[in-house]
Amino acid sequence: MFLDEPFELLLRDPGYLPLYLSILSFLYLLARQVTQVLGSLGCAQVRSTDASTLKAQDGPEAEGTSITRVLQCLRFASVLALFGVSISLFFVHGEAKRQIDISLIIFSLYSCLLAVFTIFGTTRQKHVASTHLSLLHLVSFILYVVRDIAPLAVGSAPADKHDGALGWTRFALLAVTGFLIPGMLPRRTHNIASPPAPHQTASYLSRAFHSYLDPLIYKAYKTSNITFDEIPVLADDDRAKTIMGKASELMDPVEVGHQRNLLWGMLFMFKKQYMTMACIGLVQAFNDFAGPIATNRILASLESNSPDSKVKPWVWILWLGAGPVIGSVMQQSYLYIQCLVLVRVQTILTQLVLVHSLRVRINTVWNESASEVAAATAGVSEPSPSSTLLDSTTSNEEGSSTSSDGEDDAATTAALAPSIAPSADQSKPNKDAKAKDANDETRSKKSEDYSGKINNFLTSDMNSIITLQEWPQPVFVVLRLSICIVFLYFILGWSALVGMTVMIVCIPIPGYTSQILLKLQRGQMKAADSRLSVVNQTMNALRMIKLFAWESKVEAQIAEKREAELWYIFWNDVMSCTINSLNAVFPIAAMISTYATFTLVMGEDLTASKLFSSLVVFNRFEMYIHRMFYILPGLLKAKVSLDRIGEFLNNGDLFQTPAVEDSDADHLDAHAVYIRDAIFTWDKPGTYSDMARHRFRLRIEGDLSFKMNCLNLICGPTASGKTSLLMALLGEMHFRPLVPGGGYNVPRHGGIAFAAQESWVLNATIKDNILFGAPYDKYRFDQVVYQTGLLRDLALFEAGELTEVGEKGITLSGGQKARITLARAVYSTAEIVILDDVLSALDVHTARWVAEKCLGGNLLKGRTVLLVTHNVLLCQPIADYVISLGRDGKVVTQGTVDEALKKNVSLQEEVKAEADAMKRVEEVQAVEGLKDSPDTEGDDSRKGKLIAAEDMAVGHVTWASVRLYISSLGGPLFFLMFLFAGAIRTLFNIFIKWFYSYWSSQYEKETGGGVNVSFYLGVATGLEMIEIIVIIGVYAFFTFGMVRASRSLHQRLMNSILTCTLRWLDTTPISRVLTRCSQDCQSIDSTLPGMLSTACMMTISLALYFISVIVSVGWPALLPGIFVAVTGVSCGQLYIKAQLPIKRHMSSVRAPLLGHVGAALNGLVSIRAYGAQEAFKEESLRKIDDFTRTARTYWNLNRWIAIRMDSIGAVFSGVVAAYLVYAKDVSSASVGFTLTLINSFSGELLQWVRMTNEVEVQANSVERIKELLEIDHEPPSTKNGTPSAYWPASGELRVENLSARYSLDGPEVLKNISFHLQSGQRMGIVGRTGAGKSTIALALLRAIPTTGSVVFDGVDVSDLNLSALRSNVTIIPQHPELLAGTIRENLDPFNEHDDATLNDVLRSSGLYHTQDEEGGIGLDTDVSSGGTNLSQGQRQILALARAILRRSKLVLLDEATAAIDHRTDQAIQESLRTEFKDTTVITIAHRLQTIMDSDKIMVLDAGEVVELDTPLALLSKKEGFFKGLVDGSPDRNQLYSSAGLWLESSSD
């Protein structure tokens, strides 16, 4: 009977719908089962596939099996109860409704059958049955809502009113089975990792309300902390590897094949997410007006002259409460997707930055081309190389690297950075000014600190890009504004169009101010880049800065950069305040003009329903305008950041793996190492740097072939281009053929290993550094350790091979780092091994051991080894081939060692000098013993773990941090004044709302003609304008405090870092400090103060709004008010206890990521040589996953609190509105006033909780800065510590009982050292390695804790300020630290000397003795960071020149002659004798010959003085320690002669 006329029955009574849906469901399931049976009979493979699919799908659901079973059983019970109700109704109705009752019984029976399958079926059957059952009952539930609930809203009777209690029971059961239980069932997910992320298996209701985070929040509440392992795991689609697999094809310019706009790539990558966001945003835009509509209808129902409404007031009250909850669910869903996209975009950009850094010649990214320079200088227009990236993908002749004049492996990796001092060059107006400006700009671009800039990409720019995900909001804001106009038109008629016209007229003004704001933001970001570059430079050279007493000058330079940045920050805030003020004025102008038109022109009454509903809309109008102009600057700033990263990714010449570059070469050349008729330059041919007069070129004429499967030596004088030759072979230099057949090749099929002269180590264990990702073979590893002489060194470390080397290997000596770098190359199985002067940092016996055991050992046998060295004589027995270079970068000779010696006279002289030097250096072993380790015995850095894990606070932000920031703002008085001003502003706002209530109430007493509209309009306009002025004053007042706090905290931070102890510097990664100076400083500059001021204003507003509501409504509102307050505060506390540790984890896991990128930038050449780019990319992906794991949880917690606070506010609004309408007799104006206050209260409640908690989260930055303010510091300067102006007049030095230790709780490493030197005397210090020689220099400079007395020129240095002491004592370290910039800036960082003086000290230091012409290296020569583009000898000479320039009375020299050739050594020794003849010199000797003409010699052993006297006296002392050293020296006769003692007279 039901199938005869189904559609007719359905149209007549929709109650048959559940039956017909059940029939359709049954038919569908039957057809599917039949299809599966037929398919299984025809193909067994299908059955196998289904089984595997089911097996794969079983996993994710297993976790929620128990919950699912309970819920399905509960639903089965509810379905049985529904069946019972249907049977009962069948008997109650009798014949009247028998057909409909039978249909419901069938529906119930079918539901019971499905419910049985949900419990006892297979996995697939459970899922299918549950889905069908949920859909059937959901549709049925909606059907009965329409039939029985909707009529009540308009005063009609329910369609099923005759069913009585049974009908309502049925409705309740359908709500449970069709809505509640399906919403609570855990979801199934496919193809996910194990274990799944909580949100992947969360139910729909849990997902909507983010309840899957409840266990995490509860755990945080109970323990006040969350460990990293307790943070929810990442979903498979959130993992960096998965994301990059999709993103590379869309956003990576190299993968795409052309320059790529990152914004468009992002849109294509996340198009599905953006479409979903668009749909949600569209619905939410209309739902936003639930409040205004409800307000209008409620007030209209209360007005005496209003016609009766068909819709009951309770409907609008329900909408007033439920609308915001529904809106919040949609809004948080929108934000959930937005934050998901945000985190993935950050993942993509972070990885792309690293990937591009590894594959591009880093200094070609921002450099101008030569054609641009030529156009600027000659006025000729040249085409711009816009396709540099694409060109470089097809030609490996294109590209560039860091410019270099000398020989250093890191010359291609070190970024040219600006000096910490400004340039001394001053532009002079002349006819070539334009050309000079172009050249200067090119130079400035070349001298950028690329490492600092890339670090800024990953910190400040990545934070700015957060706002980029708001790009759809302007569209939705426009839509909401349009809805506002339509709504106002329906309420106020065509007067709303007048207000719209006013708004349109005013729109260009904020647009103009936004352009100004954009310029300010760009300037601010450039200023931040400049400051961070200087900070980065400072941190890399801080040890030198401290020992030279440059802290105050460097601090002043950083402060100058900071002031430039703060200037932009201040005006940025001023402009933002101006824009916000204008955004407030325009809606007010539109509102007043609309009301004026409505009342004065149209002559209508502005009743409470019209005024307050329109007032809510105008408030929303103002909010939308604010949001628009709040988002737009952020979007512009984010676009600038994205463009900066896009510029980096779209530019630069790609590094190409060297291949056969010879069109005429035969196939055998592919297996040979050779260069044929080629020129190699550091800069791309045609660039400005390449056109420089003295730019170095490696020129190979003819055929230069290396002998395969044996040891090839590359030798030559300092700065001849030995390292450049290796870099050319590795593809790091630009190739240009001399003739058409020119080319070069290094076969890579068997692998390449590389050991750089500037040893590069990872911040990992010694073992990990040697393995470098290779499988661990214990036998091979032990052999490598033995052959490289590391066996004894590992025995000295408590943790052995598991000892952490620290950042840049700070726990190791130079020799240890060199041998670990060598061990890495030897351990690898690469067929070609390239070694760059690895012997230079080793003493002669260690070098001989390495040469014999390692270079001549079995592990390198049969492998092609290219070795750059000065130790030709040492390697002669094991070398098969020698290439000798001249100073002009040309090959002088090549062949066997004997052939090369016969043909090359200069090589003969070098070998002879080396033989002499070898004899002298052999004395070092007698002086220093067998150990090759720094003077750190007893130091607790030997215990393996050096870099301590970053401390992370637990619980709330400490009051000490709060006091620190308040005091930085201006103190408690400043803060109280700000709060008082905020209270006045809120009271003014409440008074304005009351005035509107009073105005509307006048229409209840009199008609429109009796109300003085002009008066009320004038007063309203005046009050609104006064409020804006008050707001401007409040925020302007706070802006001054904000800038004061930013200046103060940064100044204190930099002062703390610059005055730290060397011990702290050694144990703290630079990346940790840079994070404080970038990410945390950015927070205190903008995010924290903005949030703090807003949170304070909201706190005051909510308190006063709450009091006003209680006063207006009465005591009945107190109970729900207290409930709202308690619940809100409780939720806020739960939220913050979970959010704070997550935020801290976010900060702590970011530093290792930055450190990893920094390490990769420092070791680009080594990484490329080994072909280890993929390993570094994989490690980056792992570190990004750690960050993503915290970030996803961090944003999801925001969703958790938001939806709860919105719900609390909505409940409060609904309860109070219901009381006002049904339980209290008040006027519509009073109700409107109260509802407006409630609307403001509810709207700000969530923002208040979020903002106050976010303030505490952002205050983590203050906490982290405070941690660095409390580190160990050196003694501060005092007035009493300032010496007289003439001090020191002489270099007299008296030391008595000097003892020292590396840390206050460490053992003594110097014990009771005493000596006395007259002014101008020289003393040499000798002793075994670890005896404490270098420690004496640190102790004299008070760089470590000391006891005893040190009197310099009659003044005890313990009474002196450290700056006074160190500025009058000069130390020449063994490994000088140079700054990025020029030679001039390194000699005179603070522009205290003219060029003539600087040229004199360069000449006096012997620099020009190391090159064929003086112009080779001059004051304008670029120096890369750390001086890595200069040879070790050149760096030592520059350090000597710096010492000569200071003209100190006391000089401490730590000899460093092992890494330089004989000619350079002679130049240095000559300078020491001539330039410091009137200076007291203490030499830490590594060779006896250099100290035999000293006035005194001190012999140290285990930190104690063994002998101290003149050389003559010590040699005359029988069985003396020093005499034994001299007698054991091969230069015994010469040493006795140097001391003025003939050997015969001194013999026994």
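The values are calculated or read from the model by the stated rules, or taken from the named source; none is laboratory data. Only a predicted model underlies this, so the values are computations on that prediction, with no experimental measurement involved. Note: ideal-geometry Cβ built from the backbone for every residue, glycine included; neighbour counts use all protein chains shown. The area values use the complete protein model at the heavy-atom level, side chains included, leaving out ligands, DNA and RNA. Shrake-Rupley method; radii C 1.70, N 1.55, O 1.52, S 1.80 Å.
Selection of region 765-791 for residues being closer than 15 Å to A753 by Cβ, outside any loop (DSSP other than H, G, I, E, B) and β-branched (V, I, T) yields I770, V784. Tell me whether region 1366-1381 contains one or more residues that are charged (D, E, K, R) and touching an Asp or Glu at 6+ places or on another chain (Cβ under 8 Å). No, because not a single residue in region 1366-1381 is charged (D, E, K, R) and touching an Asp or Glu at 6+ places or on another chain (Cβ under 8 Å). Which members of region 798-829 meet the condition of being open to solvent by 10 Å² or more (accessible area, probe 1.4 Å) and in a loop (DSSP other than H, G, I, E, B)? Hits for region 798-829 are E798, A799, I810, L812, S813, S828, T829. Within region 579-597, if we keep just the residues that are at pLDDT below 80 and in contact with a Ser or Thr (Cβ under 9 Å, 6 or more places away or on another chain), the residue that is surrounded by the most Cβ atoms within 10 Å (Cβ to Cβ) turns out to be I579. Residue count for region 1478-1521, restricted to those that are surrounded by fewer than 18 Cβ atoms within 10 Å (Cβ to Cβ), under 28 Å from P1288 (Cα atoms) and among the basic types (K, R): 0.
In this structure, does A830 turn out to be at pLDDT 80 or above and of a type in the set (G, A, S)? So A830 passes the test.
Condition check ((1) under 17 Å from the mean Cα position of the chain (by Cα); (2) within 30 Å of S530 (Cα to Cα)) across all residues:
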site	(1), (2)
R1072	yes, yes
G1090	no, yes
C1096	no, no
T1099	no, no
L1104	no, no
V1129	no, no
K1137	no, no
M1146	yes, yes
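Here region 22-48 is the region considered, the condition is being of a type in the set (S, T, Y) and surrounded by 12 or more Cβ atoms within 10 Å (Cβ to Cβ), and the residue that is modelled with the lowest pLDDT is S40. Checking each residue in region 1403-1434 for being modelled with pLDDT of 70 or more, open to solvent by 10 Å² or more (accessible area, probe 1.4 Å) and under 35 Å from the mean Cα position of the chain (by Cα) picks out D1420, T1421, D1422. In this entry, K271 passes the filter for residues that are within 31 Å of the chain's Cα centre (by Cα) and without any contact (Cβ under 8 Å) to a residue 60 or more places away in the chain.
Does I645 qualify as being under 26 Å from M462 (Cα atoms) and of a type outside the set (G, A, S)? Taking the combined requirement at face value, the residue satisfies it.
S720 meets each of the listed conditions (1) of a type in the set (S, T, Y); (2) modelled with pLDDT under 85; (3) closer than 23 Å to V892 by Cα; (4) surrounded by fewer than 21 Cβ atoms within 10 Å (Cβ to Cβ) apart from (4).
For the residues L615, L632, L654, L600, the requirement of being surrounded by fewer than 19 Cβ atoms within 10 Å (Cβ to Cβ) and modelled with pLDDT under 85 singles out L600.
Checking each residue in region 856-876 for being crowded, with 18+ Cβ neighbours inside 10 Å and among the small types (G, A, S) picks out only G857. Just to be sure before I move on: is S576 of a type in the set (S, T, Y) and surrounded by 17 or more Cβ atoms within 10 Å (Cβ to Cβ) in the structure I sent? In short, yes. Within region 1260-1279, if we keep just the residues that are open to solvent by 70 Å² or more (accessible area, probe 1.4 Å) and part of a loop (DSSP other than H, G, I, E, B), the residue that is farthest from R1076 (Cα to Cα) turns out to be T1278. Answer yes if at least one residue in region 429-452 is open to solvent by 30 Å² or more (accessible area, probe 1.4 Å), at pLDDT 70 or above and part of a helix (DSSP H, G or I), and no otherwise. Yes, some residue in region 429-452 is open to solvent by 30 Å² or more (accessible area, probe 1.4 Å), at pLDDT 70 or above and part of a helix (DSSP H, G or I).
Would region 1390-1401 turn up any residue that is small (G, A, S), at pLDDT 80 or above and either open to solvent by 40 Å² or more (accessible area, probe 1.4 Å) or part of a helix (DSSP H, G or I) (or both)? Checking region 1390-1401: at least one residue is small (G, A, S), at pLDDT 80 or above and either open to solvent by 40 Å² or more (accessible area, probe 1.4 Å) or part of a helix (DSSP H, G or I) (or both). For the residues S1112, S1148, the requirement of being assigned to a helix (DSSP H, G or I), in contact (Cβ under 8 Å) with a residue 60 or more places away in the chain, open to solvent by 10 Å² or more (accessible area, probe 1.4 Å) and closer than 30 Å to A764 by Cα singles out S1148. Scanning region 762-794 for residues that are more than 36 Å from the chain's Cα centre (by Cα) and at positive phi turns up just one, G789. Comparison of I1136, I1167, I1142 shows that the only residue that is over 30 Å from A1210 (Cα atoms), open to solvent by less than 10 Å² (accessible area, probe 1.4 Å), among the β-branched types (V, I, T) and in a helix (DSSP H, G or I) is I1167. The number of residues in region 744-761 that are touching a Phe, Trp or Tyr at 6+ places or on another chain (Cβ under 8 Å) and either of a type in the set (A, V, I, L, M, F, W, C) or over 30 Å from A841 (Cβ atoms) (or both) comes to 4. Being open to solvent by 20 Å² or more (accessible area, probe 1.4 Å) and β-branched (V, I, T) is a condition met by no residue of region 453-464. Would you confirm whether any residue within region 755-769 is within 17 Å of I1167 (Cα to Cα), free of Cβ contacts under 8 Å to residues at least 60 places away in the same chain and among the hydrophobic types (A, V, I, L, M, F, W, C)? Scanning region 755-769, I find at least one residue that is within 17 Å of I1167 (Cα to Cα), free of Cβ contacts under 8 Å to residues at least 60 places away in the same chain and among the hydrophobic types (A, V, I, L, M, F, W, C), so the answer is yes. Taking the criterion of being closer than 20 Å to L352 by Cβ and either in contact with a strand residue (DSSP E or B) (Cβ under 8 Å, 6 or more places away or on another chain) or open to solvent by 10 Å² or more (accessible area, probe 1.4 Å) (or both), the only residue of region 469-479 that qualifies is W471. Within the bounds of region 145-152, is there any residue that is touching a Pro at 6+ places or on another chain (Cβ under 8 Å), among the acidic types (D, E), buried (at least 17 other Cβ atoms within 10 Å of the Cβ) and farther than 30 Å from Q1133 by Cα? Yes, that holds for at least one residue. Filtering region 864-903 to residues that are within 15 Å of I700 (Cα to Cα), of a type outside the set (D, E, K, R) and in a loop (DSSP other than H, G, I, E, B) leaves G886, G889.
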